[in-house]
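Below is one structure, written out as structure tokens; the observations come after it.
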Amino acid sequence: NAGVTQTPKFQVLKTGQSMTLQCAQDMNHEYMSWYRQDPGMGLRLIHYSVGAGITDQGEVPNGYNVSRSTTEDFPLRLLSAAPSQTSVYFCASSQGQGENSNQPQHFGDGTRLSIL
Amino acid sequence: SQKIEQNSEALNIQEGKTATLTCNYTNYSPAYLQWYRQDPGRGPVFLLLIRENEKEKRKERLKVTFDTTLKQSLFHITASQPADSATYLCALRGGADGLTFGKGTHLIIQP
């Protein structure tokens, strides 16, 4: 009964390094998304996917790439890490897709990322 | 621009009392609104969903109201307990690209 699994839980990077945050879900959900959560800013949507092979940008996509080759996995890539990307990153999944979907989001427990 | 506003200050409530949290929104016409709970170091957990044609929704000690005229949702926890202490987030779907969350209200239930 894993739900949404994110790895790693913690990571420290140097400016300019690249890395991939992993996200996997075992609920056969079509919709997956990535958020970042910063103090005083709340959760902000980075990228989302409505199914395998389909991705789109959210509110704050710059500096991040995503791909969705399978239903289960939705990795988030930092191309060249910057201190402004220090944050807690959450992956979420849900059944259904689209504007009229009212399905609850299932979140992982986050990756805490520090960029020095 | 679209906004979701929740009380940014912590809400301190004595154990056993009813806690009421507010979510106000502007420039949305949501078909539904969701409430989540977030504990320190954890991801948000879904609690309740209320649709625009529902005035009130209940689940155990939780009650949510939704007033589309006032553009406001109220989240109530009755007979509050210290274990209810957490941050509570409201969320709306503003379009096809996913939920938009409020910044959350930190609730502290004091024994």
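FYI, it's all coordinate maths here, none of it is from the lab. Computed from a prediction, not measured in an experiment: that's the story for all the values here. FYI the Cβ positions are ideal-geometry reconstructions off the backbone, even for glycines, and counts take in every protein chain you see.
Taking chain A as a Gaussian network, Cα atoms linked when under 10 Å apart, which of A:27, A:19, A:41 shows the biggest mean-square fluctuation?
Its mean-square fluctuation being the largest, the pick is A:41.
Between residue B:10 and residue A:67, what is the label-point separation in nm under the 7 Å Cα-to-beta-carbon projection?
For the pair residue A:67/residue B:10, the computed spacing is 4.5 nm.
Which of the aspartates and glutamates could be linked to residue B:57 by a straight reach, that is with a Cα gap under 20 Å, when you skip same-chain ones fewer than 8 residues away?
B:67, B:84
So what are the three principal axis dimensions of chain B from its Cα atoms, in whole Å, longest to shortest?
41, 29, 21
Tell me, what is the percent relative contact order of the stretch B:49-106, built from C-alpha pairs under 8 Å that lie six or more residues apart? Write down the numbers at each step before the final one.
Numbers: 70 pairs, mean separation 11.7, N = 58.
This gives 20 percent for the stretch B:49-106.
Would you mind telling me which residue in A:15, A:86, A:55 has the biggest mean-square fluctuation in a Gaussian network model of chain A, where springs connect alpha carbons within a distance under 10 angstrom?
Maximum fluctuation in the GNM of chain A, among the listed residues, is at A:15.
Return the loop-located trypsin sites (Lys or Arg not before Pro) in the stretch A:8-116 (DSSP other than H, G, I, E, B) with at most 11 other Cβ atoms within 10 Å of their own Cβ; answer none if there are none.
Details: sites: A:9, A:14, A:36, A:44, A:68, A:77, A:112; in loops: A:9, A:14, A:68.
In loop regions of the stretch A:8-116 (DSSP not H, G, I, E or B), the sparsely surrounded trypsin sites (Lys or Arg not before Pro) are A:9, A:14.
In vacuum, with every alpha carbon of chain A counted as one equal point scatterer, what does the Debye formula give for log10 I(q)/I(0) at q = 0.09, 0.21 Å⁻¹? Two decimals, please.
Listed by q, the Debye log ratios stand at -0.21, -1.16.
If you average the sequence gap of Cα pairs under 8 Å that are 6 or more apart and divide by the length of chain A, what percent do you get for the contact order?
35 percent
Charges only on Cβ, +1 for Lys and Arg, -1 for Asp and Glu: so what's the dipole of the protein assembly as shown about the Cα centre, in debye to the nearest 20?
In debye, rounded to 20, the protein assembly as shown gives about 300.
Using the crude model of +1 on Lys and Arg Cβ and -1 on Asp and Glu Cβ, and no other charge, please compute the dipole size for chain B relative to its Cα centre, in debye to 20. Mind dumping the intermediate values first?
Details: 14 positive and 11 negative charges, 35 e Å.
Dipole of chain B, to the nearest 20 debye: 160 debye.
Which whole-number percent is the relative contact order of the stretch A:1-61 (Cα, under 8 Å, 6+ apart)?
It comes to 24 percent, rounded to a whole number.
Multiply the residue separation of residue A:9 and residue A:116 by 0.36 nm, subtract the distance between their alpha-carbon atoms, and state the gained length in nm to one decimal.
On the way: separation 107, 0.36 × 107 = 38.52 nm, distance 1.72 nm.
Difference between extended and current length: 36.8 nm.
Among A:93, A:48, B:28, pick out the residue whose Cα is farthest towards the positive end of the charge dipole of the protein assembly as shown, where Lys and Arg carry +1 and Asp and Glu carry -1 on C-beta, about the Cα centre.
B:28
Mind jotting down a quarter of the surface of the convex hull over the alpha carbons of the protein assembly as shown, in square nanometres, one decimal?
Here the figure is 12.4 nm², rounded to one decimal.
Which pairs in the list A:9/B:63; A:9/B:17; B:3/B:55 are over 31 Å apart, alpha-carbon to alpha-carbon?
Over 31 Å apart, Cα to Cα: A:9/B:63; A:9/B:17.
Taking the Cβ of residue A:13 as the center, what net charge do the other residues with Cβ under 14 Å away carry, scoring Lys and Arg +1 and Asp and Glu -1?
Every neighbour counted, the sum reads +3.
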